[in-house]
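Take a look at the structure set out below.
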Amino acid sequence: MVRHRGGYEAAAKHFAAEDLQVDVTGRSYMITGANSGIGKTTALEIAKKGGIIHMVCRNKERAEEAQKEIIAGSGNQSISVHLLDMSNPKEIWEFAERFKAENRLHVLVNNAGCMVNSRELTDDGLEKNFATNVLGTYILTKALLPALEKEDDPRVVTVSSGGMLVQKLDVLDLQFETSTFDGTMAYAQNKRQQVILTEQWAKEYPKVHFSVMHPGWADTPAVRSSMPDFYEKMKNRLRTEEQGADTVVWLAVSPAATKHASGLFFQDRKPASTHLPLASTRSSSGDEDKLLQILQDMSKKISTAS
(Lines give C-alpha, C1' and ligand atoms only; values in the text may rest on other atoms or scores of the structure.)
Protein backbone atom coordinates (compact mmCIF):
# COMPACT_ATOMS: atom_id res chain seq x y z
CA MET A 1 0.00 0.00 0.00
CA VAL A 2 1.58 3.27 -1.15
CA ARG A 3 1.79 5.76 1.66
CA HIS A 4 4.47 8.36 1.19
CA ARG A 5 5.01 11.35 -1.03
CA GLY A 6 6.45 9.29 -3.91
CA GLY A 7 3.35 7.11 -3.86
CA TYR A 8 1.13 10.16 -4.07
CA GLU A 9 3.07 11.63 -6.97
CA ALA A 10 2.86 8.35 -8.88
CA ALA A 11 -0.90 8.06 -8.25
CA ALA A 12 -1.56 11.73 -9.09
CA LYS A 13 -0.42 11.17 -12.69
CA HIS A 14 -3.66 9.25 -13.16
CA PHE A 15 -6.00 11.74 -11.49
CA ALA A 16 -8.66 13.40 -13.67
CA ALA A 17 -8.25 17.16 -13.13
CA GLU A 18 -11.94 17.76 -13.94
CA ASP A 19 -12.95 15.66 -10.90
CA LEU A 20 -12.20 18.65 -8.67
CA GLN A 21 -13.33 21.37 -11.06
CA VAL A 22 -16.61 21.76 -9.24
CA ASP A 23 -18.58 24.64 -7.79
CA VAL A 24 -20.24 23.67 -4.51
CA THR A 25 -21.76 27.06 -3.67
CA GLY A 26 -24.72 26.62 -1.34
CA ARG A 27 -23.64 23.19 -0.08
CA SER A 28 -22.83 22.90 3.60
CA TYR A 29 -19.78 21.00 4.92
CA MET A 30 -18.97 20.16 8.53
CA ILE A 31 -15.30 19.32 9.15
CA THR A 32 -14.14 18.18 12.58
CA GLY A 33 -10.59 19.02 13.66
CA ALA A 34 -10.54 21.79 11.04
CA ASN A 35 -8.02 24.14 12.65
CA SER A 36 -4.84 22.36 11.54
CA GLY A 37 -3.34 19.68 9.31
CA ILE A 38 -5.54 17.75 6.90
CA GLY A 39 -8.78 19.17 8.38
CA LYS A 40 -7.74 22.77 7.81
CA THR A 41 -6.47 22.08 4.28
CA THR A 42 -9.74 20.28 3.45
CA ALA A 43 -11.74 23.25 4.77
CA LEU A 44 -9.67 25.69 2.70
CA GLU A 45 -9.95 23.67 -0.53
CA ILE A 46 -13.73 23.27 -0.20
CA ALA A 47 -14.10 26.96 0.75
CA LYS A 48 -12.30 27.88 -2.49
CA LYS A 49 -15.03 25.97 -4.36
CA GLY A 50 -17.78 28.00 -2.65
CA GLY A 51 -18.82 25.59 0.10
CA ILE A 52 -20.34 26.77 3.38
CA ILE A 53 -17.85 25.56 5.99
CA HIS A 54 -18.63 24.58 9.58
CA MET A 55 -15.33 24.11 11.41
CA VAL A 56 -15.72 21.96 14.52
CA CYS A 57 -12.75 22.50 16.83
CA ARG A 58 -11.77 22.23 20.49
CA ASN A 59 -9.48 25.25 20.88
CA LYS A 60 -11.09 28.67 20.40
CA GLU A 61 -7.91 30.68 19.64
CA ARG A 62 -6.51 28.17 17.15
CA ALA A 63 -9.90 27.74 15.49
CA GLU A 64 -10.43 31.50 15.04
CA GLU A 65 -6.89 31.91 13.70
CA ALA A 66 -7.49 29.12 11.16
CA GLN A 67 -10.90 30.61 10.28
CA LYS A 68 -9.22 33.94 9.39
CA GLU A 69 -6.63 32.14 7.25
CA ILE A 70 -9.30 30.13 5.42
CA ILE A 71 -11.36 33.27 4.71
CA ALA A 72 -8.24 35.10 3.48
CA GLY A 73 -7.07 32.14 1.39
CA SER A 74 -10.43 31.44 -0.24
CA GLY A 75 -12.22 34.80 -0.33
CA ASN A 76 -15.21 32.89 1.08
CA GLN A 77 -16.88 34.51 4.11
CA SER A 78 -19.19 31.55 4.89
CA ILE A 79 -16.82 29.95 7.40
CA SER A 80 -18.13 29.36 10.93
CA VAL A 81 -16.46 27.97 14.02
CA HIS A 82 -18.21 25.62 16.46
CA LEU A 83 -16.38 24.74 19.67
CA LEU A 84 -16.66 21.10 20.68
CA ASP A 85 -14.59 18.51 22.51
CA MET A 86 -14.91 15.28 20.51
CA SER A 87 -14.04 13.21 23.61
CA ASN A 88 -17.16 14.43 25.46
CA PRO A 89 -20.14 12.34 24.27
CA LYS A 90 -22.86 14.41 25.95
CA GLU A 91 -21.48 17.65 24.54
CA ILE A 92 -21.37 16.12 21.04
CA TRP A 93 -24.95 14.97 21.25
CA GLU A 94 -26.20 18.36 22.48
CA PHE A 95 -24.16 20.18 19.81
CA ALA A 96 -25.59 18.00 17.01
CA GLU A 97 -29.17 18.57 18.21
CA ARG A 98 -28.61 22.35 18.25
CA PHE A 99 -26.81 22.33 14.90
CA LYS A 100 -29.63 20.45 13.13
CA ALA A 101 -32.19 22.95 14.41
CA GLU A 102 -30.28 25.89 12.93
CA ASN A 103 -28.40 24.62 9.86
CA ARG A 104 -28.57 22.42 6.81
CA LEU A 105 -25.83 19.83 6.20
CA HIS A 106 -24.81 18.12 2.96
CA VAL A 107 -21.45 16.60 3.89
CA LEU A 108 -19.85 15.56 7.18
CA VAL A 109 -16.07 15.05 7.27
CA ASN A 110 -15.05 13.11 10.38
CA ASN A 111 -11.43 14.19 10.55
CA ALA A 112 -10.80 14.95 14.25
CA GLY A 113 -8.74 12.30 15.96
CA CYS A 114 -6.19 11.83 18.69
CA MET A 115 -3.37 9.50 19.54
CA VAL A 116 -2.70 9.67 23.25
CA ASN A 117 0.33 7.55 24.07
CA SER A 118 -0.60 6.67 27.65
CA ARG A 119 -3.94 5.33 28.91
CA GLU A 120 -5.85 8.49 29.89
CA LEU A 121 -9.47 8.61 30.95
CA THR A 122 -11.97 11.36 30.17
CA ASP A 123 -14.23 12.84 32.87
CA ASP A 124 -16.78 10.19 31.88
CA GLY A 125 -14.26 7.43 32.62
CA LEU A 126 -13.73 6.59 28.93
CA GLU A 127 -10.32 5.82 27.42
CA LYS A 128 -9.46 9.01 25.55
CA ASN A 129 -8.51 7.61 22.11
CA PHE A 130 -11.67 5.48 21.99
CA ALA A 131 -13.86 8.35 23.23
CA THR A 132 -12.60 10.73 20.53
CA ASN A 133 -11.93 8.51 17.54
CA VAL A 134 -14.75 6.01 17.83
CA LEU A 135 -17.57 6.96 20.20
CA GLY A 136 -17.33 10.67 19.30
CA THR A 137 -17.36 9.92 15.56
CA TYR A 138 -20.26 7.49 16.05
CA ILE A 139 -22.44 9.91 18.06
CA LEU A 140 -21.82 12.91 15.81
CA THR A 141 -22.54 10.92 12.64
CA LYS A 142 -25.65 9.19 13.98
CA ALA A 143 -27.05 12.43 15.39
CA LEU A 144 -26.53 14.31 12.10
CA LEU A 145 -27.85 11.60 9.78
CA PRO A 146 -31.46 12.92 9.87
CA ALA A 147 -30.17 16.32 8.62
CA LEU A 148 -28.02 14.69 5.93
CA GLU A 149 -30.83 12.45 4.70
CA LYS A 150 -32.99 15.51 3.90
CA GLU A 151 -30.46 16.81 1.38
CA ASP A 152 -29.48 16.06 -2.19
CA ASP A 153 -26.23 14.03 -2.57
CA PRO A 154 -25.43 13.73 1.18
CA ARG A 155 -22.04 12.28 2.12
CA VAL A 156 -20.04 11.21 5.16
CA VAL A 157 -16.26 10.97 4.77
CA THR A 158 -14.19 9.55 7.64
CA VAL A 159 -10.42 10.03 7.79
CA SER A 160 -8.98 6.71 8.96
CA SER A 161 -5.41 5.44 8.59
CA GLY A 162 -3.51 2.64 6.91
CA GLY A 163 -2.36 1.81 10.43
CA MET A 164 -5.65 -0.06 10.83
CA LEU A 165 -4.36 -2.76 8.47
CA VAL A 166 -2.38 -4.30 11.34
CA GLN A 167 -5.40 -4.58 13.63
CA LYS A 168 -8.29 -7.02 13.83
CA LEU A 169 -11.41 -5.73 15.59
CA ASP A 170 -11.29 -6.58 19.31
CA VAL A 171 -14.78 -6.08 20.73
CA LEU A 172 -13.88 -7.64 24.06
CA ASP A 173 -11.48 -4.86 25.05
CA LEU A 174 -12.47 -1.68 23.18
CA GLN A 175 -10.88 0.56 25.80
CA PHE A 176 -7.73 -1.45 26.55
CA GLU A 177 -8.90 -2.26 30.08
CA THR A 178 -7.29 -5.71 30.18
CA SER A 179 -4.58 -5.71 27.49
CA THR A 180 -1.32 -3.77 27.70
CA PHE A 181 -1.90 -0.22 26.51
CA ASP A 182 0.01 0.99 23.46
CA GLY A 183 -1.09 4.35 22.00
CA THR A 184 -0.16 3.47 18.41
CA MET A 185 -2.04 0.16 18.60
CA ALA A 186 -5.04 1.79 20.31
CA TYR A 187 -5.16 4.34 17.48
CA ALA A 188 -4.87 1.62 14.82
CA GLN A 189 -7.65 -0.35 16.53
CA ASN A 190 -9.84 2.78 16.54
CA LYS A 191 -9.14 3.30 12.84
CA ARG A 192 -10.16 -0.32 12.12
CA GLN A 193 -13.39 0.36 14.02
CA GLN A 194 -14.04 3.43 11.82
CA VAL A 195 -13.73 1.27 8.69
CA ILE A 196 -16.26 -1.21 10.10
CA LEU A 197 -18.64 1.61 11.10
CA THR A 198 -18.48 3.00 7.56
CA GLU A 199 -19.27 -0.41 6.04
CA GLN A 200 -22.19 -0.92 8.42
CA TRP A 201 -23.63 2.58 7.94
CA ALA A 202 -23.52 2.16 4.17
CA LYS A 203 -25.86 -0.83 4.52
CA GLU A 204 -28.14 0.89 7.03
CA TYR A 205 -28.48 4.32 5.38
CA PRO A 206 -28.70 3.91 1.59
CA LYS A 207 -29.59 7.60 1.01
CA VAL A 208 -26.15 8.75 2.21
CA HIS A 209 -22.82 8.01 0.49
CA PHE A 210 -20.28 6.83 3.09
CA SER A 211 -16.54 6.53 2.55
CA VAL A 212 -13.45 6.11 4.70
CA MET A 213 -9.89 6.83 3.62
CA HIS A 214 -6.17 6.71 4.36
CA PRO A 215 -4.51 10.10 3.68
CA GLY A 216 -1.04 8.56 3.43
CA TRP A 217 1.56 9.65 5.98
CA ALA A 218 1.54 13.44 5.83
CA ASP A 219 3.64 16.09 7.55
CA THR A 220 0.99 17.37 9.97
CA PRO A 221 1.20 18.80 13.52
CA ALA A 222 -0.51 15.62 14.78
CA VAL A 223 2.11 13.32 13.26
CA ARG A 224 4.92 15.51 14.63
CA SER A 225 3.55 15.55 18.19
CA SER A 226 2.16 12.03 18.58
CA MET A 227 4.72 10.08 16.50
CA PRO A 228 8.00 12.00 16.97
CA ASP A 229 10.31 9.05 16.24
CA PHE A 230 8.42 8.13 13.09
CA TYR A 231 8.44 11.79 12.05
CA GLU A 232 12.21 12.15 12.49
CA LYS A 233 12.88 9.02 10.47
CA MET A 234 10.40 9.77 7.68
CA LYS A 235 10.18 13.57 7.50
CA ASN A 236 11.78 13.89 4.07
CA ARG A 237 9.38 11.36 2.59
CA LEU A 238 6.14 12.53 4.17
CA ARG A 239 3.35 13.96 2.06
CA THR A 240 2.37 17.61 2.25
CA GLU A 241 -0.90 18.47 3.98
CA GLU A 242 -2.38 19.21 0.53
CA GLN A 243 -1.44 15.74 -0.71
CA GLY A 244 -2.87 14.17 2.45
CA ALA A 245 -6.14 16.09 2.06
CA ASP A 246 -6.57 15.47 -1.68
CA THR A 247 -8.68 12.31 -1.38
CA VAL A 248 -10.75 13.79 1.47
CA VAL A 249 -11.67 16.77 -0.74
CA TRP A 250 -12.31 14.46 -3.72
CA LEU A 251 -14.64 12.25 -1.65
CA ALA A 252 -16.45 15.30 -0.25
CA VAL A 253 -17.06 17.24 -3.48
CA SER A 254 -16.46 15.24 -6.64
CA PRO A 255 -19.28 13.63 -8.65
CA ALA A 256 -16.69 10.93 -9.55
CA ALA A 257 -16.51 9.77 -5.91
CA THR A 258 -20.16 8.76 -5.68
CA LYS A 259 -19.87 6.58 -8.79
CA HIS A 260 -18.20 4.14 -6.39
CA ALA A 261 -20.33 2.08 -4.03
CA SER A 262 -21.00 3.45 -0.56
CA GLY A 263 -18.93 2.04 2.33
CA LEU A 264 -15.52 1.66 0.64
CA PHE A 265 -12.01 2.45 1.90
CA PHE A 266 -10.03 4.81 -0.37
CA GLN A 267 -6.45 5.77 -0.95
CA ASP A 268 -5.31 8.26 -3.61
CA ARG A 269 -8.83 8.51 -5.06
CA LYS A 270 -9.16 4.75 -5.54
CA PRO A 271 -10.87 2.04 -3.50
CA ALA A 272 -8.29 -0.04 -1.63
CA SER A 273 -8.45 -3.33 0.25
CA THR A 274 -9.14 -3.07 3.99
CA HIS A 275 -6.95 -6.12 4.68
CA LEU A 276 -3.36 -6.99 3.80
CA PRO A 277 -2.88 -10.21 1.78
CA LEU A 278 -2.78 -13.27 4.07
CA ALA A 279 -3.42 -11.17 7.21
CA SER A 280 -5.93 -12.61 9.67
CA THR A 281 -7.59 -9.25 10.35
CA ARG A 282 -11.12 -10.04 9.16
CA SER A 283 -13.75 -10.02 11.89
CA SER A 284 -16.96 -12.04 12.14
CA SER A 285 -20.29 -10.36 11.41
CA GLY A 286 -21.17 -11.19 15.04
CA ASP A 287 -18.27 -9.09 16.31
CA GLU A 288 -19.14 -6.24 13.94
CA ASP A 289 -22.77 -6.28 15.13
CA LYS A 290 -21.51 -6.30 18.71
CA LEU A 291 -19.38 -3.17 18.09
CA LEU A 292 -22.46 -1.36 16.76
CA GLN A 293 -24.56 -2.57 19.69
CA ILE A 294 -22.01 -1.39 22.29
CA LEU A 295 -21.77 2.06 20.66
CA GLN A 296 -25.54 2.30 20.36
CA ASP A 297 -26.00 1.42 24.05
CA MET A 298 -23.34 3.91 25.13
CA SER A 299 -24.83 6.72 23.06
CA LYS A 300 -28.38 5.93 24.16
CA LYS A 301 -27.31 6.34 27.79
CA ILE A 302 -25.90 9.77 26.94
CA SER A 303 -28.89 11.05 24.98
CA THR A 304 -31.36 10.03 27.70
CA ALA A 305 -29.26 11.17 30.68
CA SER A 306 -30.11 14.84 30.70
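Brief remarks on what is shown
- Residue-normalised accessible area of region 57-107, given per residue in Å² at a 1.4 Å probe: 55
- Alpha-carbon centroid distance for the pair region 150-167 / region 230-306, whole angstrom: 4
- Across every pair of non-identical alpha carbons in the chain, the mean reciprocal distance, once inverted, gives a Kirkwood radius of 19.3 Å.
- Within region 257-272: backbone nitrogen closer than 14 Å to the residue 20 label point (7 Å, Cα to C-beta): 257, 268-270
- For region 1-102, the equivalent ellipsoid derived from the Cα gyration tensor has semi-axes of 27, 17, 14 Å, listed largest first.
- Relative contact order of the chain, defined on C-alpha pairs under 8 angstrom at six or more residues apart (%): 21
- Over region 142-287, accessible surface divided per residue gives 42 Å², non-protein components excluded, 1.4 Å probe.
- In the chain, helical runs assigned H by DSSP with n ≥ 4 each contribute -39500 (n - 2.57); averaged across all residues and rounded to the nearest 500, the mean residue ellipticity at 222 nm is -13500 deg cm²/dmol.
- Förster-model FRET efficiency, 45 Å R0, residue 275 and residue 72, C-beta, rounded to 0.05: 0.55
- Only Lys, Arg, Asp and Glu carry charge here, each on its Cβ (+1 for the first two, -1 for the last two); on that basis region 144-188 has a dipole of about 100 debye about its Cα centre.
- Distance between the C-alpha centres of region 62-87 and region 90-116: 15 Å, rounded to the whole angstrom.
- Cα-centred dipole magnitude for region 150-306, charges only on beta-carbon of K, R (+1) and D, E (-1), debye, nearest 20: 260
- In a reduced charge model with +1 at each Lys and Arg Cβ and -1 at each Asp and Glu Cβ, the chain shows a dipole moment near 500 debye about its Cα centre.
- When the charge dipole of the chain is built from unit charges on Cβ atoms (+1 for Lys and Arg, -1 for Asp and Glu) and taken about the Cα centre, the candidate among 24, 260, 99 whose Cα reaches farthest toward its positive end is 260.
- In the chain, taking the dipole from charged Cβ atoms about the Cα centre, the farthest positive-side position among 114, 86, 39 is held by 39.
- Apportionment of accessible area to carbon and sulfur, the chain, percent (1.4 Å): 49
- Rounded to the nearest whole angstrom, the semi-axes of the ellipsoid equivalent to region 133-213, taken from the Cα gyration tensor as √(5λ), stand at 27, 12, 10, largest first.
- Couplings for region 14-22, taken from phi via the Karplus curve 6.51 cos²θ - 1.76 cosθ + 1.60 with θ = phi - 60°, read 9, 6, 8, 4, 5, 4, 9, 8, 10 Hz in order; Gly and Pro are left as x.
- The simple spin-label model puts a point 7 Å past each Cα toward its Cβ; for residue 170 and residue 59 those points are separated by 3.0 nm.
The values are calculated or read from the model by the stated rules, or taken from the named source; none is laboratory data. Quantities reported herein were computed from a predicted structural model and do not represent experimental measurements. Every residue, glycine among them, receives a Cβ derived from its backbone with ideal geometry; neighbour counts consider all protein chains shown. All accessible areas refer to the heavy atoms of the entire protein, side chains included, with ligands and DNA or RNA removed. Shrake-Rupley method; radii C 1.70, N 1.55, O 1.52, S 1.80 Å.
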